[in-house]
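What follows is calculated from the coordinates using simple rules that are stated; it is not laboratory data. The model shown is predicted, which means the values in this text are computed figures rather than measured ones. Cβ placement follows ideal geometry from the backbone for every residue including glycine, while neighbour counts extend to all protein chains displayed.
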Amino acid sequence: MFKKNSLFDNFNKNLFYVTLFIIFLISVFVRLYFLPILATFGHDNSRDLVLIFKLFKYHEIIYRGPVFSVLWGFLSPIYYYILAPVYYILRFHPLAPAFFSTIINIITLLILFFVSFKIFNKKTALISIILYGLSFKVALEGAYGLNPNLLPPFSVLAFYSLVNIFKNNSKNYLILLFFCLAMLVSFHPSGVFVLFPIVILFIIYKPKIKPVIWIRSILVFFIFAIIPYLIEEKKFNFWNIKQILLYLHGDISTESNIGFFNSISNFFYVFTKNLSLVFFGNTHIFFIAFSFFLLLSLLFFILKFYKKHTDSIFILSSYIFLYLLFFAITVKFDNKGFYAWWFHSVIIPIFILYVSYLMTKIKISYCVTLIWFFIFLNINAYIKYQPPLDTYEMSYKATQEIRNDSMGTDLIEIYGSDRRPFRYMLWYFEQDPIIKEKYFSLVKYEDKVPKPTNVYYFDRLDSNERNYMADFTKIQKDYPHLKGPILLKHFNTYDIYVFK
């Protein structure tokens, strides 16, 4: 199957760079051109807008970051201070976070090309930019404008640092590694899971690093990762620590009815579905099976190169496999794939690098065929994609309403029947006396107050969370006479859309 002669051995140098430039331009074009269609403005974006708007308008310091639902804890606030200038420069435009995350997506594309070129060769680099740049799934998820979208560039740079430390004995890359780790654990819980493969690989390679470099690296991590969390914990009476202890004790609701092996199988099924979407633009059973074969190939390279583990492919395959294994045995998964993308965005670029390497090891005719097949399927995904009606217009109206309502008055009156902290937009622990800042100034519950006459309630039309905008557009189309907030019931709570 694998040939000694790699792809593009006789590839003209000028043609290579022309091809590279064209692919990069196409990748940038499709991301920016389709941005108003791909972008959304939902619960999390509303929360971010409110906090950042009040930061500039009323100088209200943001002490903690976005919520993460596994523990009902909070991430580092550093994300908001990175996003704040973008919102301010773009004047709180609804596409501000989506535009920013798209730029991050493009930067990741460039970093991935650089890393592929440095670790392997220009052939791998070219294929990686094709796969990451032209994948519809990567572009779609990169346009959501949420905190996990900041993970990929730091994930790729962290892996690049590892290779330089282990293979090239470049000890100063330890500082870059620790900085990237600080960013990863600040932006999303999935960033924590990269620590496991890194620790295992350090045990295998045992690099000899001077104490002064360790001290500098740890200091960088402490400044950018630990200090923001320490301030947050002190401000909110060690909330995250308490939540972690409750989670470990089993007092926080999880998918407890899912067995250990079922959870692991669900995880890998969800992950292969994501791979299928990334490479083929759909989840046909054939493509899922092919993605599973790609997962199995990780073991092949680990076993093949274990005795001479200085090879980059051993580091790459081991890193991916250990990350996925640790994730699978740590977090319980149902088969709905709730954590499908956000928890995988940290590893998807690395996996694309891995697949790019594999494609350079097969016959040129097979490789070219696969690339054209990949391009065809992803073009088809763009063509078939049907965004919610008037997504951009609704986002624009929503940002205006939220911005206006947050100017010193009660932001939005939200009515819901569930007192549990279940939906991001409906809670900021209203009953907790130690919390001084809130996403919303007032939260009212349906069991305490009557429904107002100008608020309209509808059951969710689609159980798929991603289709909530489509639900609203259907209601807006079928009931054009409605004026005032519209609430879509989601389980026992409501998603709110305020259009006057």
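Quick one: length gained pulling Asn172 to Tyr382 fully straight, 0.36 nm per residue minus the C-alpha distance? Walk me through the numbers on the way to the answer.
Numbers: separation 210, 0.36 × 210 = 75.60 nm, distance 4.26 nm.
Length difference between fully extended and current span is 71.3 nm.
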* Figure the gain on full extension for Asn262 and Phe56 (residue separation times 0.36 nm, minus the Cα-Cα span) and round it to one decimal in nm. => 69.4 nm
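Which order do peptides 283-295, 28-40, 130-142 fall in by mean Cβ count within 10 Å, highest first?
Ranked by mean Cβ neighbours within 10 Å, highest first: 130-142, 28-40, 283-295.
If the chain between Thr283 and Tyr17 were fully stretched, how many nm would it gain, using 0.36 nm times the residue separation less the Cα-Cα distance? All intermediate terms of the calculation are to be shown ahead of the outcome.
On the way: separation 266, 0.36 × 266 = 95.76 nm, distance 3.31 nm.
That works out to 92.5 nm of additional length.
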* Structure fact -> Put in order of increasing Cβ neighbours within 10 Å, starting from the fewest, Tyr306, Tyr269 give Tyr306, Tyr269
* For the residues Asp48, Asp311, what sequence is obtained by ranking on other C-beta atoms within 10 Å, fewest first? -> Asp311, Asp48
* To do: Beta carbons within 10 angstrom, averaged per residue: use that to sort the peptides 373-379, 357-363, 271-277, highest first.
  => 271-277, 357-363, 373-379
* Which order do the peptides 198-208, 165-175 take when ranked by the mean count of other beta-carbon atoms within 10 Å per residue, highest first? => 165-175, 198-208
* **Spatial extent of the range 13-384: Rg and Dmax, with the Cα atoms as the point set, Å** => 20.6, 62
